[in-house]
Structure formats: C-alpha cells, structure tokens
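Here is the structure we will look at.
The values are calculated or read from the model by the stated rules, or taken from the named source; none is laboratory data. Worth saying up front: this structure is predicted, and the values here are computed from it rather than measured. Note that each Cβ is placed from the backbone with ideal geometry, even for glycine, and that neighbours are counted across all protein chains shown. Please note that ligands, DNA and RNA were not included when accessible areas were found on the heavy atoms of the full protein model with its side chains. Shrake-Rupley method; radii C 1.70, N 1.55, O 1.52, S 1.80 Å.
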Amino acid sequence: MSALIWLHEDALRAAHPVFAEPHERAVFIWDDAYMAAMDYGLKRRVFLYESLLELPVEIYAGDTIETLEALARAAQASCLISPHTPNPRLNHIMEALSETLRVQRIADDAFVDLPPQEGLRRFFKYWNKAKKLAFTRDGGA
Amino acid sequence: MEVQPKTFADRDALIAHVRALSPSLSPEETFVSDTKGGRDAGQALLQNIDPIAYGRSRDYLGGAVSYLSPYIRHGLITLNEARNLALERGPEDGDAKPIEKFIQELAWRDFWQRVYQQNPDWIWHDIEDYKTGFTAEDYADTLPDDIRQAQTDCAAINYFITSLQTTGYLHNHARMYLAAYIVHWRRVKWQAGARFFLAHLLDGDPASNNLSFQWVASTFSNKPYFFNLENLQKYAHPQAPCDAASNQPLSGSYEALAEKLFPYGEPA
Ligand SMILES: Cc1cc2nc3c(=O)[nH]c(=O)nc-3n(C[C@H](O)[C@H](O)[C@H](O)COP(=O)(O)OP(=O)(O)OC[C@H]3O[C@@H](n4cnc5c(N)ncnc54)[C@H](O)[C@@H]3O)c2cc1C
C-alpha cells in the first residue's frame, strides 16, 4: 500500500513528524484559488515559495483536490498523510479526499503537553493550566 | 501534470514564477518583502533571540523582539524550539521570571491556535457584541481608501500602514495601534481591518490576527482597546513620527478620547 504526503502551508519544515511516516512521494499543491481565498498577496506567496525550495517535496500547481486525486491515482496510493491543522479550508479538503483515500493527520511537536480544554475563551484559563509545562523542556512531553 | 521548478537564477526569477502561478494577484501588487523564506533564515533569527532583553523591552517598537513570526506561522520553526532555546538562555540560577514574558507570548500563539481548532467559525464572526456603545451595524463594511493608501490624518498611522505594505511585518504594539485606529477612530468593522492585515503580513494567521482584532474591537474581550498620543510617543518614538501636530486625532486624555470615540459607550 503506497502513501502520499500532502504538505500544506502550515508545516513547511523537513523535520515535521509527517516525514517520519513511510511514504513514496511528498507533494505541495500551489493552489491560486486557495491562496486568494486566504487573502494572500505577493509578499506572502514569495515567502511560501522560497520556503518550499529546500523541502523534500515536489510542487504542483492546480486545484488542490483535483491535483491530489490525480497524483494519488498515478502513484496508486491508497493513503494520504498530512500535517494536522486547525485551518477549516485545509480540513475540508482532507474530508473531501477521505472519500477515496485513507487520510491520516500527523500532529507537530506540541508547545505544551496539555489536552484540549472545553469551552476555551480567555487566555488565563489556558495559562493557569499550561504555565508549568510551558517552562518545561519539550512542554513536558 | 508538471512539476514546478525549485531552482532559479535569482530572486527576481523566483518572483516572476510566483506571479505566473498566481493569476488571482492584482498586477498593482508589486512589493516583495526583504524577509526571505526558508529554514536557514528562520534559524538565524532563532539563534539571535535574547529572551531576557525581550522581557524588558518588548513593548517598544525598537525592543528586542524576535521577528520569528512568519517562520512560526508556517511551521518552519516550532514554538517548542523557541521555548527550549529560551530556557537555555534564561538566568544561570534557573530563575524563570526574566524569561517569562517571552514564553508567555509564545503561549499566546498556542492559545489562539487552540481556540481556532475548537471554534473555526469564530474567525470571521463576532464572538460577542461590541462593548463600545455601538452595534455591529454602526461599523463600516469596507476599509476606506485613505487607509489603504496611507493618507490618513495621522502621520504615525500612515507610517504603520506603509511598513505593513512594504515589509509584511509590524511590531505587536503597532498592530494594536493600527487595529484600534481602524476600528475605533474610523468605526470600520474589525473584519475589514483583519482582511487588510492578512493580505500584507507575512505571518498573517487567521487565529492570531482575527482573534487579536476581536480583542481590540471588544467582540472577544471585556472592553475595547484604544490608546492616546502620549502612549504612542512612549513606545513608538523615534521609529514612527509621533509629534502632536501631525497626529491630532490621537491626542487627549484617555477620558476625553473615550468620550469622543465611545459617546454612548460603556468603557471604564
Ligand atoms: C491586531 C493584531 C494582529 C495580529 N496578527 C498576527 C498574525 O497575523 N500572526 C501572528 O503570528 N501574530 C499576530 N499578532 C500577534 C503579534 O503581534 C505578533 O505575533 C508579533 O508581533 C510578531 O512579531 P515577532 O515575531 O517579532 O514576535 P515576538 O514578540 O518576538 O514573539 C515571538 C513569537 O511569539 C508569538 N507571539 C508573540 N506575541 C503574540 C501575540 N500577542 N499573539 C500571538 N502570538 C504571539 C509569535 O509567533 C512570535 O513570532 C497580532 C497582534 C495584533 C494586536
């Protein structure tokens, strides 16, 4: 079973844990419509492209879902591995792809090893719990 | 499907390629930041952090801030790495107090990301009502042209707008000043300000940016954030032009400004 890594804009680092997963190929999709929807101007786009140059990914341009589906078909991949993100646009793409592929989300190194808190609203509710871990190497992980 | 190139003769060639791949960009957009993408540039900034000096000076425009935000925003550098290095650079006796501010600011990012994860729909919607004496309908939907063109009646604000547009970066305090000016002085919806920031900031982040805007606006805090000329002069001089004559609308006591900005309002 072959796996394809889809790297997105929230995780542009070769040391991201996603790359530790067994995979055949890793790709980044340059999606103009997505970037327009995110309000990204020229400055940001240049920063992103420059950041991609050194990463172990192939860059393709096009609609993200269509391009990933075509790449997965060509590579006979049945699994898509991607960095975890809170971004609903990216999560929506992963949900759409999960109809044809097994989608696996890989979290980055955490700042603090603290489970999600229900109904989080004000910073100090979080900080009271997080503070000790925040001053611990690797956030207590 | 064609694989896109990863080597270019020079930066101009890369920029031309990015443009060719970006038909949605307006041809009027010409600025590119001097800040370069890539892990090496981020690492160099990371190695420069001075968390103790940061604690003493971060509120000043000339303070010892890290400039790491675009690298953290896009995952080139992690909060974990920045924190671990800050711990190593703390006082030798292990006292965490002098590095607390730096670590707490990293935590603000973690906090906003957690809020975003739980409530993705909060990013563009008022989380609470405005606590300014106005309702959302009293605020304009779009950003006035004089703001977009850095031609407002406040020289410091124009300076911040131009910096944002040319460098893709603003100091935290400058973001607070500019956001407050847009929302409270000009009575523009925070969403319009947030969109303007996202289009220019290299670190523009739906959570950190939009939730901070909501904090300034008071739709995600107990009262609106605003400032006066005296505060600006303390923190933004000499980087921004802060003289009274060219920043008239900002001058006055907090009480007088509150009366002007929030005539029906609640702020204490
Ligand atoms: C209206 C407004 C909009 C903002 N928009 C963004 C944004 O789009 N993206 C963004 O990353 N930050 C945003 N911030 C937060 C903060 O202003 C920037 O993170 C900071 O100024 C970046 O500069 P620096 O890297 O030199 O930060 P430093 O002060 O050196 O801090 C180190 C790192 O900690 C994090 N950080 C510091 N302060 C904050 C904060 N208050 N909230 C969240 N994270 C913080 C950043 O990742 C930053 O790189 C915004 C703040 C305001 C008031």
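Data table
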{"item": "Residue among B:Leu170, B:Leu202, B:Leu232 that is surrounded by 21 or more Cβ atoms within 10 Å (Cβ to Cβ), touching a Cys at 6+ places or on another chain (Cβ under 7 Å) and either modelled with pLDDT of 95 or more or not assigned by TED's automatic domain parsing to the domain that holds B:Gly75 (or both)", "result": "B:Leu232"}
{"item": "Criterion violated by B:Ala82 - all others in (1) open to solvent by less than 20 Å² (accessible area, probe 1.4 Å); (2) near the ligand (Cβ under 10 Å from one of its atoms); (3) at the interface with chain A (Cβ under 7 Å from one of its Cβ atoms) satisfied", "result": "(3)"}
{"item": "Odd one out for A:Gln117, checked against (1) within 20 Å of B:Gln118 (Cβ to Cβ); (2) surrounded by fewer than 17 Cβ atoms within 10 Å (Cβ to Cβ); (3) of a type outside the set (Ser, Thr, Tyr); (4) at pLDDT 95 or above", "result": "(4)"}
{"item": "Identity of the residue in segment B:44-79, β-branched (Val, Ile, Thr) and away from chain A (no Cβ under 14 Å), that ends up surrounded by the fewest Cβ atoms within 10 Å (Cβ to Cβ)", "result": "B:Ile52"}
{"item": "Cβ pairs under 7 Å, 6+ apart, first in segment B:85-102 and more than 10 Å from chain A (Cβ to nearest Cβ), second away from the ligand (no atom under 16 Å from the Cβ)", "result": "B:Pro98/B:Pro91"}
{"item": "Out of B:Phe134, B:Phe160, sole residue that is open to solvent by less than 30 Å² (accessible area, probe 1.4 Å) and within 16 Å of the ligand (Cβ to nearest atom)", "result": "B:Phe160"}
{"item": "Test: residue in segment B:10-25 that is part of a helix (DSSP H, G or I), more than 10 Å from chain A (Cβ to nearest Cβ), open to solvent by 20 Å² or more (accessible area, probe 1.4 Å) and of a type in the set (Gly, Ala, Ser)", "result": "yes"}
{"item": "Condition met for B:Val32 (at the interface with another protein chain (Cβ under 7 Å from one of its Cβ atoms), of a type in the set (A, V, I, L, M, F, W, C), touching a residue at least 12 places away in the same chain (Cβ under 8 Å) and farther than 15 Å from B:Ile77 by Cβ)", "result": "yes"}
{"item": "Hits in segment A:99-123 - residues which are in a loop (DSSP other than H, G, I, E, B) and without any contact (Cβ under 8 Å) to a residue 12 or more places away in the chain", "result": "A:Glu99, A:Pro115, A:Pro116, A:Glu118, A:Gly119, A:Leu120, A:Arg121, A:Arg122"}
{"item": "Helices (runs of 4 or more DSSP H) lying entirely in segment A:26-84 (those with 1 or more residues that are open to solvent by 40 Å² or more (accessible area, probe 1.4 Å) and within 10 Å of chain B (Cβ to nearest Cβ))", "result": "A:32-37, A:64-74"}
